[in-house]
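A.B. asks: Got a structure for you, written out below as structure tokens; questions coming shortly.
The values are calculated or read from the model by the stated rules, or taken from the named source; none is laboratory data. Fair warning: this is a prediction, and the values are worked out from it, not measured in the lab. Virtual Cβ from ideal backbone geometry, glycine too; neighbours counted across all protein chains shown. Just the protein is used for accessible areas: all its heavy atoms, side chains included, with ligands, DNA and RNA removed. Shrake-Rupley method; radii C 1.70, N 1.55, O 1.52, S 1.80 Å.
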Amino acid sequence: MASEAIPLTIRKGPLAVVYEWLATADHKKIGLMYIVYALLFLVIMGIEAILMRIQLAHANSTFLSPQVFNRLFTMHGTTGVFFVAMPILFGFGNYLVPLMIGARDMAFPRLNAFAFWMTALGGLLLYGSFFAGAGVSQAGIAPDVGWFAYAPLTATAFSPGHSTDYWTLSLLVAGVGSIAGGVNFIATILCMRCPGMTLSRMPLLAWMNLVMGGLVLVTISPLTAAQLMLMADRYLGAHFFDTVAGGSVVMWMHFFWIFGHPEVYVLIIPCFAFISEVIPVFSRKAMFGYPAMVAATVSIGFVSLGVWAHHMFTVGMPSYGNAFFVLTTMVVAVPTGIKIFNWLATMWGGKIRFATPMLFAVGFLFQFLIGGLTGMMLATAPFDWQLGNSYFVVAHFHYIIVGGIMFAIFAAFYYWYPKMTGRMLSETLGKWHFWLFLIGFHLTFDFMHIPGILGMPRRVYTYEAGRGWETWNMISSIGTVFQAVAILIFVYNMVSSYFVGAVVGNDPWDAWTLEWATSSPPPEYNFAVVPSVRSRRPLWDLKHPDDPDWKYE
Amino acid sequence: MFFCGLIQTLASTKSDPISPTNIFAPDSTPANSLYHLSIFELEILGVIFVVVFSLLAYAVVKFRQRKEDDSEPPQIYGSNQMELAWTVLPVLIVVVLFLTTAQVIHRVQDARRPEGAIEVTAVAHQFWWEYRYPQYGLVVANELHVPVSDPSHPTPTFLGLLSADVDHSFWVPRLAGKTDLIPNHPNTTWIDPHETGIFLGQCAQYCGTQHAKMLLRVYVQSRDDFDRWVHDQQQDSAADPSVAAGRALFVAKGCFACHTVRGVMAIGRIGPDLTHVASRETIGAGSVPNTPENMRRWVHDPGTFKPGSLMPPQDLNDNELDQIASYLMTLH
Amino acid sequence: MSATGASMAANDAAWDLPSRGRVGMYCLIVAESAIFTIFVVAYVFYIGKSLSGPAPREILHVPIFSTICLLSSSLTIHWAIAALRKGKTAVFGVFWFITLALGTIFIAATAREWRHLIYQEDFTIQTNLFGTTYYSLVGLHASHVIVGLIGLAIVMILALLGKVKREQSERCEVFSLYWHFVDAVWVIVFTTVYIVGR
């Protein structure tokens, strides 16, 4: 029994607790801080979305001025990518990776803390823009150039004042944090695995965070470079994107999307990880085709670096340029599709338990399939010449981000909350959360495809009556009510279960990876004795000594 | 099936009952090419969806854990044959889709300009459209007139696309896919509408505060009507003596600094050409019906219709406003 | 469920994983390479596209001497570490100092070149596309050299205080990877600016 964790109860004053969290370098605390930080911004982002949907529910609405609306969609997009999705995924990764590879912490604990605080600072900088003074001609407030901030709209001539600079600086700062995080994930996964855990015995979550970390290194940096160029243009009189001096604004687009596209794979790959942990456990079967899953993920990582200009099909690239990016984009769909088949095959012949994590995982599969198919439509450049920059694109990427990423994150919450807190989330509230959110999601985003097909462009603060768009916009707006209620239920569930949820031991789900081999929550040192493994599912081997995995791998 | 039915419902002809900007109601060769490729692709993707969804639904129902059954199912780690099959099949689908797509890209983008094509240079501004017809020496604004094109003897309109400031995009869904107008990066697009009528669209690349109201109106006319329109637009501005006061104010108040009225002052390039402004159905780039009352309100303060428009409010008293508005409304 | 049980028939073979410091530094190098790549791409794309102002061949002088200094500093840092691995701290100190000196000469030469360009040729980042891309690319590299010099200086001070011994050789080697990277980037920048771009 020497390896059982013995909880120590030491009384701490509130100041001591605050200091402990501010100064911590423990990956679990940092992970939790990332997650809580992201959830705060999720709520803010949701409010921004609700305001926009109120404005768009009717044609020619005057609920919001164009200036306010344009700031809202800029902030909504920027917040969502950099201050909700990235931190929440880094948070889960930070928490889980060391545990799942049998390590005591990340490779660089202090760098880890630094990365978190840089991200946090970035978020504060971005939202600080709302409080910065109005300046000259209302120009000192929140950025309104769209989350991709195309040149030359961001030049001082067209964006006077400092609003654009809040966008640039906050992301520069957060980007440094992200790169530091990427370095940490790679170093941890390559250098800190417990004995016996070869790369081919790592949980898929570890593989996927490895690929994600690698992608972060080469995807955030181009954005950093482009932003340095933008700052040089705005403040040093440089001409990177200055068409009057012969500069090219298309170059900004290239650089931005060289970042922007792999970035969405940075976001989805950790979600693949969650699904790859949840589906096997709740289907009671090993992951089908582990080597293929690894190969598919790695190839997605590489191919995703070559697809970026599918965001630029309407920009006027020559026909062979457009054709090249059609090809690479369609090619990346192949390993992605393969993963869906592997997950399906894992469920096939299993004994599926529909606890809340599995509900969200199945929702993910359904929605990611659809989002992938609408993605294929957008990959077809001529089809994109109609659908691009319309509400069809908005529907597509929200299908992936909300229907895919958010659903996977919810699955992760319900699955790992017991490990992080020692208590189960309420299943009843979980089911309410799932069904309400599912209904709201589909109301909003299924019908959002239609205005796109009927010619409604994106980033419009209002639209003409008589285009056939009103009904669909109204339905999309109604869907937000369900989603908002579902999120409130979710937040309530998380808070109340912390106090009254069923107490659990190490392994409430009867799972197979190493994080379930230690207490819930784990002690600060994770494992009293560093474990040593012989297969991909060390706990399966322990529970089934007559039929261990290492006989078959 | 739902989706196919949806497409069927959305696909329509002539003045579309569902939407004047429905991409599935093409009326021009480029839009048609895109439409046919889209339908082909939707059919393939539809099949994929039905197959995978059915498998998922089946799995979810058939493989539920039965109550009181705590045993673990057989652990299957993989299957080389299956995995090979579901790799090869998607690759084949990708090859087919890519080849058909590449063909359409080439056909639309690399289309040769026939003799008799109309040439228009569209210059996008924040937040209005300038159209120049070099073959006719015309400069107009916001309402694009083109002749209808007979498929047996096509008279397409080829548009050169430029920008005076930031990025914009020309999107009239029933006539063609969208193409961007980017400063220092000239683009081209072409349309050959098969029916007369008015085709709507709007700017499709976020360009600033009033991106939403940078609307497009394409008037497709019979050849005779088009030629008559060209002739009318080529004339200098009307010189109605009853609005001489208004014309004088147009000069005295400095309107000419931004707006050209040929025959009066022709140096203003910042704002739309107003030589024949009264001949247009709308002002404010399609966002405001062109009536005397609206014209007066617009000149007084464009922000009442389009807050964020780059035309500032004008410091004019009521009398001056009346005179200028009356003058402008004579410029047919 | 005790974790010790998982170590039943554990591999007795040595469990050898790469060193964290090295992996971390390689990752940093990859990220920095991506940033430099973007600036190099911008430089190459804008070659010959300036609408006005001086062209490279009119005002650029190839910095042969400072390049030799910088590239030889890679050699000297390598010798320094080799010496430290053998415990020869004095030799290490000398070669480390030479590295620092060579790097400083490089920066000083760059500063001199820029001073000449700005004050005599009236050529700045604002002049034209060439100015924009030249100062940003060379400046980005120079800033990385300066960061390296600061690191070198810190280690120099610690060495003078007698704190750098054989046990620290691994860490110094990890740092030297950064320095080698900076030199390799200079090869690329030099080729782009003074050979390809001229």
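A.B. asks: Among the residues that make up region A:517-529, is at least one of them touching a residue at least 12 places away in the same chain (Cβ under 8 Å), among the aromatic types (Phe, Trp, Tyr) and open to solvent by 40 Å² or more (accessible area, probe 1.4 Å)?
C.D. replies: Yes, some residue in region A:517-529 is touching a residue at least 12 places away in the same chain (Cβ under 8 Å), among the aromatic types (Phe, Trp, Tyr) and open to solvent by 40 Å² or more (accessible area, probe 1.4 Å).
A.B. asks: Of all residues being more than 8 Å from chain A (Cβ to nearest Cβ) and touching a residue at least 24 places away in the same chain (Cβ under 8 Å) in region B:72-97, which is surrounded by the most Cβ atoms within 10 Å (Cβ to Cβ)? Just the residue, please.
C.D. replies: B:93
A.B. asks: Test of understanding: among A:177, A:122, A:140, which residue is surrounded by fewer than 19 Cβ atoms within 10 Å (Cβ to Cβ), within 24 Å of residue A:74 (Cβ to Cβ) and either modelled with pLDDT under 95 or in contact with a Phe, Trp or Tyr (Cβ under 8 Å, 6 or more places away or on another chain) (or both)?
C.D. replies: A:140
A.B. asks: Go through the residues of region A:246-259 one by one and say whether even a single one is away from chain C (no Cβ under 14 Å) and in a loop (DSSP other than H, G, I, E, B).
C.D. replies: No, because not a single residue in region A:246-259 is away from chain C (no Cβ under 14 Å) and in a loop (DSSP other than H, G, I, E, B).
A.B. asks: Return the total of residues in region B:47-71 being open to solvent by less than 30 Å² (accessible area, probe 1.4 Å) and within 29 Å of residue B:24 (Cβ to Cβ).
C.D. replies: 2
A.B. asks: Something else: Scan region A:373-391 for residues that are touching a Gly at 6+ places or on another chain (Cβ under 8 Å) and surrounded by fewer than 24 Cβ atoms within 10 Å (Cβ to Cβ) and report the count.
C.D. replies: Of the residues in region A:373-391, 1 are touching a Gly at 6+ places or on another chain (Cβ under 8 Å) and surrounded by fewer than 24 Cβ atoms within 10 Å (Cβ to Cβ).
A.B. asks: Give just the number: which of (1) more than 14 Å from chain A (Cβ to nearest Cβ); (2) over 17 Å from residue B:138 (Cα atoms); (3) open to solvent by less than 50 Å² (accessible area, probe 1.4 Å); (4) touching a Ser or Thr at 6+ places or on another chain (Cβ under 6 Å) does residue B:268 not satisfy?
C.D. replies: Tallying (1) more than 14 Å from chain A (Cβ to nearest Cβ); (2) over 17 Å from residue B:138 (Cα atoms); (3) open to solvent by less than 50 Å² (accessible area, probe 1.4 Å); (4) touching a Ser or Thr at 6+ places or on another chain (Cβ under 6 Å), residue B:268 fails exactly one: (2).
A.B. asks: Among the residues of region C:30-65, count how many are hydroxyl-bearing (Ser, Thr, Tyr) and within 26 Å of the chain's Cα centre (by Cα).
C.D. replies: 4
A.B. asks: Does residue A:106 fit the bill of being hydrophobic (A, V, I, L, M, F, W, C) and away from chain C (no Cβ under 14 Å)?
C.D. replies: It is false that residue A:106 is hydrophobic (A, V, I, L, M, F, W, C) and away from chain C (no Cβ under 14 Å).
A.B. asks: Could you go through region A:72-95 and let me know if any residue there is more than 14 Å from chain C (Cβ to nearest Cβ) and open to solvent by 30 Å² or more (accessible area, probe 1.4 Å).
C.D. replies: yes
A.B. asks: Can you find a residue in region A:337-353 that is at pLDDT below 95 and either open to solvent by less than 10 Å² (accessible area, probe 1.4 Å) or under 21 Å from residue A:398 (Cα atoms) (or both)?
C.D. replies: For region A:337-353, residues at pLDDT below 95 and either open to solvent by less than 10 Å² (accessible area, probe 1.4 Å) or under 21 Å from residue A:398 (Cα atoms) (or both): present.
A.B. asks: Restricting to region B:248-298, give me the number of residues that are over 17 Å from residue B:125 (Cβ atoms) and basic (Lys, Arg).
C.D. replies: Number of matching residues: 4.
A.B. asks: Between a first residue in region A:368-385 that is more than 9 Å from chain B (Cβ to nearest Cβ) and farther than 18 Å from residue A:269 by Cα and a second residue that is outside any helix (DSSP H, G or I) and open to solvent by less than 20 Å² (accessible area, probe 1.4 Å), which pairs have beta carbons less than 9 Å apart while being 6 or more apart in sequence or on different chains?
C.D. replies: A:378/A:313; A:378/A:388
A.B. asks: What are the residues in region B:206-240 that are more than 14 Å from every other protein chain (Cβ to nearest Cβ) and closer than 18 Å to residue B:284 by Cβ, if any?
C.D. replies: Scanning region B:206-240 gives a single hit, B:219.
A.B. asks: Restricting attention to region A:180-209, which residues are open to solvent by 10 Å² or more (accessible area, probe 1.4 Å), closer than 16 Å to residue A:107 by Cβ and touching an Asp or Glu at 6+ places or on another chain (Cβ under 9 Å)?
C.D. replies: If the condition is that a residue be open to solvent by 10 Å² or more (accessible area, probe 1.4 Å), closer than 16 Å to residue A:107 by Cβ and touching an Asp or Glu at 6+ places or on another chain (Cβ under 9 Å), then A:192 is the only one that fits.
A.B. asks: Restricting to region B:289-307, count the residues that are polar (S, T, N, Q) and surrounded by 16 or more Cβ atoms within 10 Å (Cβ to Cβ).
C.D. replies: Residues flagged as polar (S, T, N, Q) and surrounded by 16 or more Cβ atoms within 10 Å (Cβ to Cβ) within region B:289-307 amount to 2.
A.B. asks: Right, something else. Applying the selection to region A:450-473, what residues are open to solvent by less than 20 Å² (accessible area, probe 1.4 Å) and either over 18 Å from residue A:61 (Cα atoms) or among the β-branched types (Val, Ile, Thr) (or both)?
C.D. replies: Correct list: A:450, A:452, A:453, A:454, A:455, A:460, A:462.
A.B. asks: Hey, another quick one. What single numbered condition from (1) free of Cβ contacts under 8 Å to residues at least 40 places away in the same chain; (2) closer than 30 Å to residue A:376 by Cβ fails to hold for residue B:168?
C.D. replies: Only one criterion is unmet by residue B:168, namely (1).
A.B. asks: State all residues of region A:474-507 that are within 26 Å of the chain's Cα centre (by Cα), surrounded by 19 or more Cβ atoms within 10 Å (Cβ to Cβ) and not hydrophobic (A, V, I, L, M, F, W, C); if no residue qualifies, say none.
C.D. replies: Residues satisfying the conditions are A:476, A:477, A:479, A:480, A:483, A:493, A:497.
A.B. asks: Taking only region C:121-174 into account, find how many residues are among the acidic types (Asp, Glu), farther than 15 Å from residue C:60 by Cα and either within 14 Å of another protein chain (Cβ to nearest Cβ) or surrounded by 15 or more Cβ atoms within 10 Å (Cβ to Cβ) (or both).
C.D. replies: Summing the residues that are among the acidic types (Asp, Glu), farther than 15 Å from residue C:60 by Cα and either within 14 Å of another protein chain (Cβ to nearest Cβ) or surrounded by 15 or more Cβ atoms within 10 Å (Cβ to Cβ) (or both) in region C:121-174 gives 2.
A.B. asks: Can you list the helices (runs of 4 or more DSSP H) found entirely within region C:88-198 that contain at least 1 residues being in contact with a His (Cβ under 6 Å, 6 or more places away or on another chain)?
C.D. replies: Answer list for region C:88-198: C:129-160, C:169-190.
A.B. asks: Is there any pair with a first residue in region A:1-13 that is over 20 Å from residue A:422 (Cα atoms) and a second that is at pLDDT 70 or above and open to solvent by less than 100 Å² (accessible area, probe 1.4 Å) whose Cβ atoms are under 7 Å apart and which are 6 or more apart or on different chains, and what are they?
C.D. replies: So the pair list comes out as A:2/A:528.
A.B. asks: Now, a different point. Take residue A:323 and tell me if it is outside any loop (DSSP other than H, G, I, E, B) and under 30 Å from residue B:171 (Cα atoms).
C.D. replies: In short, yes.
A.B. asks: So is residue C:105 open to solvent by 60 Å² or more (accessible area, probe 1.4 Å) and without any contact (Cβ under 8 Å) to a residue 12 or more places away in the chain or not?
C.D. replies: The answer is no for residue C:105.
A.B. asks: Give B:263, B:286 a once-over and let me know the one that is crowded, with 22+ Cβ neighbours inside 10 Å, on the phi > 0 side of the Ramachandran plot and outside any helix (DSSP H, G or I).
C.D. replies: The unique qualifying residue is B:286.
A.B. asks: Still on this structure, please answer the following. Given the structure, is residue A:69 buried (at least 21 other Cβ atoms within 10 Å of the Cβ), in contact (Cβ under 8 Å) with a residue 60 or more places away in the chain and over 30 Å from residue A:465 (Cβ atoms)?
C.D. replies: When the stated conditions are applied, residue A:69 does not pass them.
A.B. asks: Going by the structure shown, is residue B:162 touching a residue at least 24 places away in the same chain (Cβ under 8 Å), open to solvent by 60 Å² or more (accessible area, probe 1.4 Å) and closer than 30 Å to residue B:289 by Cβ?
C.D. replies: Yes: the conditions hold for residue B:162.
A.B. asks: Then there's this: Can you pull out every residue in region A:150-192 that is assigned to a loop (DSSP other than H, G, I, E, B), without any contact (Cβ under 8 Å) to a residue 60 or more places away in the chain and on the phi < 0 side of the Ramachandran plot?
C.D. replies: Matches in region A:150-192: A:153, A:157, A:158, A:159, A:160, A:162.
A.B. asks: Among (1) within 14 Å of chain A (Cβ to nearest Cβ); (2) part of a strand (DSSP E or B), where does residue B:173 come up short?
C.D. replies: So the condition that residue B:173 fails would be (2).
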